[in-house]
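Right, one structure below, let's go through it.
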Amino acid sequence: MTSKKIILKPGKEKSILHHHPWVFSGAVASSSGNPQPGETVEVLSSGGERLGWAAYSPYSSIRARVWSFDPDEVINEEYFYRKIEAAARLRTAINITKETNAFRLVHGEADGVPGLIVDCYPDVAVVQILSAGAEYWRDVLIDQVQQITGCKTVVERSDVEVRHLEGLPIREGLIRGENLPPRIKIEENGLHYWVDVIGGQKTGFYLDQRQNRKRIMALSKDREVLNAFCYTGGFTLCGLAGGARSVLSIDSSANALTLAAENLALNGFNPALNQWVEGNVFKELRTLRDRNKQFDLIILDPPKFAPTAAQAQKAARAYKDINLLAFKLLRNGGILVTFSCSGGLGRDLFQKIVADAALDAGVEAKIVEMLSQSADHPVALNFPESAYLKGLICVVG
Ligand code: SAH
């Protein structure tokens, strides 16, 4: 049994007692046993109360991430197997395979495995290892993902900035199996998409938008649609499937647009109904405004402008800018479907930004629906940070 420990400052045990899994550096009074990056430490309150077991991360301001709040838990291979199996059971319980063959199997903290993301595509699992603790157990976790999913092929996409905060290098590529095809075909809500799990963004596809893409199908009939930040065409295809009159789809990534065009062809849609524009949305929206273009449905799904709270203010200006322009581009009775996936910006603030944008655009708008991430990206009740994707459907007029 480990004798490595961290002892919290007085009063700092409160969030752990509420099962919030992060221990910030400022909450730690001392450590003992010389814990190394990723090693398991016992977490103790200043009074010596045993609070659980965590992974130590000496370089991160999140100094430890709790594996288990049970003081009698043993953090070993069997522990992780149980967690990943439970995550798989949750996806079975929500009947995920009814709508897709590409889904998130493990969603980090919300599935009790901080720092581990696993996305499953047909025959290929893609892992992201984002914390020192998950890195420490890397080989065990990858073996278990293979065992539980039955995927021979595993790709790693640990090529995200947060690795640096944990003192970890970027790592990506094929790590198990061979003959990974350059693209994997997935099916989601009756549509097919090519996914590039090596060169694409995130793990290749924005799985978190699945249920919102389905909503777009229901809202597009006979509408002129603008899909800003279209990536590989998810909302574009859904618009066309829903009977949109036309779609204008904008993204700055040429690679994404290449795949998007192939996705359109893959589903047999008439390419004349959609126009791809490679460009900067901030600029393109202004150009459309200056040309007095109008739309009936606008989707804004930008990248994270505020990964952490530190960038919230700057991000707020960017969100306000694009939402204001979108409101101006909507006909009376038009619909704005607007998102923020910024962890550093809460739902209330996002709604306020959209409200200010409508005010400045001189339009009245109502929220008719609140959107969030797909069910395979669960939210731990005591870890509100896991509810990162916020969306609003607003009707103008
Ligand atoms: N809605 C998409 C996901 C969008 S992700 C889906 O369901 O699949 C955000 C996209 O914004 C990425 O494709 C990225 O290339 C693009 N992007 C980022 N900044 C941009 C900018 N300033 N102008 C245009 N596109 C941008």
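Please go through region 1-54 and pick out each residue that is touching a Leu at 6+ places or on another chain (Cβ under 9 Å), of a type in the set (S, T, N, Q) and either in the same structural domain as Arg138 (by TED's automatic domain parsing) or closer than 21 Å to Phe383 by Cβ (or both).
Within region 1-54, Ser45 is the sole residue that qualifies.
Quick one: would you say Ala93 is farther than 14 Å from Leu141 by Cβ, in the same structural domain as Trp137 (by TED's automatic domain parsing) and among the small types (Gly, Ala, Ser)?
Working: farther than 14 Å from Leu141 by Cβ: yes; in the same structural domain as Trp137 (by TED's automatic domain parsing): yes; among the small types (Gly, Ala, Ser): yes.
Answer is yes for this residue.
Could you tell me how many of the residues in region 218-236 are surrounded by fewer than 24 Cβ atoms within 10 Å (Cβ to Cβ) and more than 12 Å from the ligand (Cβ to nearest atom)?
Matching residues across region 218-236 total 6.
Please report, ordered by residue number, the strands (runs of 3 or more DSSP E) entirely within region 1-96 with at least 1 residues that are modelled with pLDDT of 95 or more and basic (Lys, Arg).
Details: elements: 5-8, 22-24, 28-32, 40-44, 50-56, 62-68.
Ranges flagged: 5-8, 50-56, 62-68.
So Leu44 fits all but one of (1) surrounded by 13 or more Cβ atoms within 10 Å (Cβ to Cβ); (2) within 21 Å of the chain's Cα centre (by Cα); what number is the exception?
(2)
Would it be correct to say that Ser249 is within 14 Å of the ligand (Cβ to nearest atom), under 22 Å from Cys394 (Cα atoms), at pLDDT 95 or above and not hydrophobic (A, V, I, L, M, F, W, C)? Show your work before the answer.
Working: within 14 Å of the ligand (Cβ to nearest atom): yes; under 22 Å from Cys394 (Cα atoms): yes; at pLDDT 95 or above: yes; not hydrophobic (A, V, I, L, M, F, W, C): yes.
For Ser249, the condition - within 14 Å of the ligand (Cβ to nearest atom), under 22 Å from Cys394 (Cα atoms), at pLDDT 95 or above and not hydrophobic (A, V, I, L, M, F, W, C) - is met.
Please go through region 141-167 and pick out each residue that is of a type in the set (A, V, I, L, M) and buried (at least 20 other Cβ atoms within 10 Å of the Cβ). Quick ask: steps written out before the conclusion?
Keep residues of region 141-167 that are of a type in the set (A, V, I, L, M), which gives 141-142, 145, 148, 154-155, 160, 162, 165.
Of everything in region 141-167, those that are of a type in the set (A, V, I, L, M) and buried (at least 20 other Cβ atoms within 10 Å of the Cβ) turn out to be Leu141, Val145, Val154, Val155.
If a residue counts only when it is within 12 Å of the ligand (Cβ to nearest atom) and at negative phi, which helices (runs of 4 or more DSSP H) contained entirely in region 276-373 have at least 1 such residues? Spell out the reasoning first.
Working: elements: 281-290, 312-329, 347-361.
So the answer is 281-290, 312-329.
Determine, yes or no, whether Glu135 is in a helix (DSSP H, G or I), under 16 Å from the mean Cα position of the chain (by Cα) and within 16 Å of Ile62 (Cα to Cα).
On the way: in a helix (DSSP H, G or I): yes; under 16 Å from the mean Cα position of the chain (by Cα): no; within 16 Å of Ile62 (Cα to Cα): yes.
Judged against the criteria, Glu135 is not a match.
So how many residues does region 218-238 have that are part of a helix (DSSP H, G or I), touching a residue at least 60 places away in the same chain (Cβ under 8 Å) and in contact with a helix residue (DSSP H, G or I) (Cβ under 8 Å, 6 or more places away or on another chain)? Before you say what the answer is, go through the steps one by one.
Of the residues in region 218-238, the ones part of a helix (DSSP H, G or I) are 218-219, 234-238.
If we keep only those that are touching a residue at least 60 places away in the same chain (Cβ under 8 Å) as well, we get 219, 235.
The next check asks that each one be in contact with a helix residue (DSSP H, G or I) (Cβ under 8 Å, 6 or more places away or on another chain); those that pass are 235.
The total comes to 1.
Criterion first (touching a strand residue (DSSP E or B) at 6+ places or on another chain (Cβ under 9 Å), over 18 Å from Ile216 (Cβ atoms), in the same structural domain as Ala318 (by TED's automatic domain parsing) and in a helix (DSSP H, G or I)) does Leu264 satisfy it? Give the derivation first.
Values: touching a strand residue (DSSP E or B) at 6+ places or on another chain (Cβ under 9 Å): yes; over 18 Å from Ile216 (Cβ atoms): no; in the same structural domain as Ala318 (by TED's automatic domain parsing): yes; in a helix (DSSP H, G or I): yes.
For Leu264, the condition - touching a strand residue (DSSP E or B) at 6+ places or on another chain (Cβ under 9 Å), over 18 Å from Ile216 (Cβ atoms), in the same structural domain as Ala318 (by TED's automatic domain parsing) and in a helix (DSSP H, G or I) - is not met.
Could you tell me how many of the residues in region 180-210 are surrounded by fewer than 18 Cβ atoms within 10 Å (Cβ to Cβ) and over 17 Å from Ala125 (Cα atoms)?
Within region 180-210, residues that are surrounded by fewer than 18 Cβ atoms within 10 Å (Cβ to Cβ) and over 17 Å from Ala125 (Cα atoms) number 3.
Within region 300-316, is there a residue that is of a type in the set (Asp, Glu) and more than 18 Å from the chain's Cα centre (by Cα)? Lay out the reasoning, then the answer.
We begin by selecting, within region 300-316, every residue of a type in the set (Asp, Glu); these are 301.
Pick out the ones that are also more than 18 Å from the chain's Cα centre (by Cα) and you get none.
No.
A quick yes/no check of all residues on (1) hydrophobic (A, V, I, L, M, F, W, C); (2) touching a Leu at 6+ places or on another chain (Cβ under 7 Å); (3) modelled with pLDDT of 95 or more; (4) over 18 Å from Arg157 (Cα atoms):
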| site | (1), (2), (3), (4) |
| --- | --- |
| Leu174 | yes, yes, yes, no |
| Ile184 | yes, no, yes, no |
| Lys202 | no, no, yes, no |
| Asn212 | no, yes, yes, yes |
| Ser220 | no, yes, yes, yes |
| Asn255 | no, no, yes, no |
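Is at least one residue of region 237-244 at positive phi and within 9 Å of the ligand (Cβ to nearest atom)?
Filtering region 237-244 down to residues at positive phi leaves 243.
Retained after the next criterion (residues that are within 9 Å of the ligand (Cβ to nearest atom)): none.
No, that holds for no residue.
The values are calculated or read from the model by the stated rules, or taken from the named source; none is laboratory data. Predicted model only: the values in this text are computed from it and were never measured. Here the Cβ is made from the backbone with ideal geometry for all residues, glycine too, and neighbour counts use every protein chain on show.
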